[in-house]
Amino acid sequence: MQLIAKTEECCATFLNHTYPVRIKVKIYNLTIIAICLSSIALGITLTNQFHTNFIHPIDRARGILIQVQATSDPQTIQNELVTVKRLLPASGNPVWISPTDDTDFGLMQNDLQAMLGTANNIAHAPSWSSDFHTGILNVHDQATTLVFNMLDATPYMYASLPFVSSNALWLLGVIGLAKYASVKKK
């Protein structure tokens, strides 16, 4: 009888002191790992979503404008310019401090509208006429200017608050995992 009581006492001591502490440590460790991994996953998802929704359309519009520079077909130019108008934001300026007219999306939209007007005017002109060549040169020059304006605006899109905070989120998760691994080794 005394042996059974002693065994029960040892089991109770083991279960109440040793086992719950181990479970608490494992739960704490798994919680830290889960928070770090979810922070990494959320940060990467938000960064990818921001890039897909805001930066990629500007890059794509810039590529289309480079194609506009290489063509002399008014119908192709019109179609490409409509696509660029759809891809660019309607207004706004990604530069926070000392914004310029070069990076203003509203002014870029106005330039695109003027280019569309020029392309519409030369659509029915004969390809050998001076009006046609002057209009095409004008559209090509404006496309070149817009490409450089978009190149100027793109770095500021990367420096925007949502992009920086989403990158900071996944970086904090990586730093947390690294810190946890270094503490775990000790």
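Extension gain, ILE55-ILE175: 0.36 nm per intervening residue step, less the Cα-Cα distance, totals 40.6 nm. Taking only the alpha carbons of the chain, we obtain Rg and Dmax values of 30.6, 115 Å in that order.
Karplus-derived 3J(HN,Hα) values for segment 141-158, using 6.51 cos²θ - 1.76 cosθ + 1.60 with θ = phi - 60°, are 5, 5, 5, 4, 4, 5, 4, 5, 5, 5, 5, 5, 7, 4, x, 6, 5, 5 Hz; glycine and proline are entered as x.
Between TYR158 and THR45, the C-beta separation translates, for a Förster distance of 25 Å, into a calculated FRET efficiency of about 0.90.
Extending 7 Å from the Cα toward the beta-carbon at both HIS133 and LEU151 defines two label points whose distance is 2.8 nm. A simple spin-label model places pseudo-atoms 7 Å from Cα toward Cβ; at LEU37 and ALA70 they are separated by 4.6 nm. Near the amide H of GLY92, within less than 5 Å, lie the amide hydrogens of PHE105, GLY106, all on another chain or at least 5 residues away, with H placed in the peptide plane. Working ranking of peptides 158-169, 142-153 by packing, defined as the average number of other Cβ atoms within 10 Å per residue, highest first, is 142-153, 158-169. Once both labels are positioned 7 Å from their Cα atoms along Cα-to-Cβ, the gap between GLN113 and VAL82 label points is 1.7 nm. Assuming charge only on the beta carbon of Lys and Arg (+1) and of Asp and Glu (-1), the dipole of the chain about its Cα centre is about 1700 debye to the nearest 20.
Since every read-out is calculated from the coordinates, none of them should be taken as a lab result. No experiment lies behind these values; they were computed from the predicted model shown. Virtual Cβ from ideal backbone geometry, glycine too; neighbours counted across all protein chains shown.
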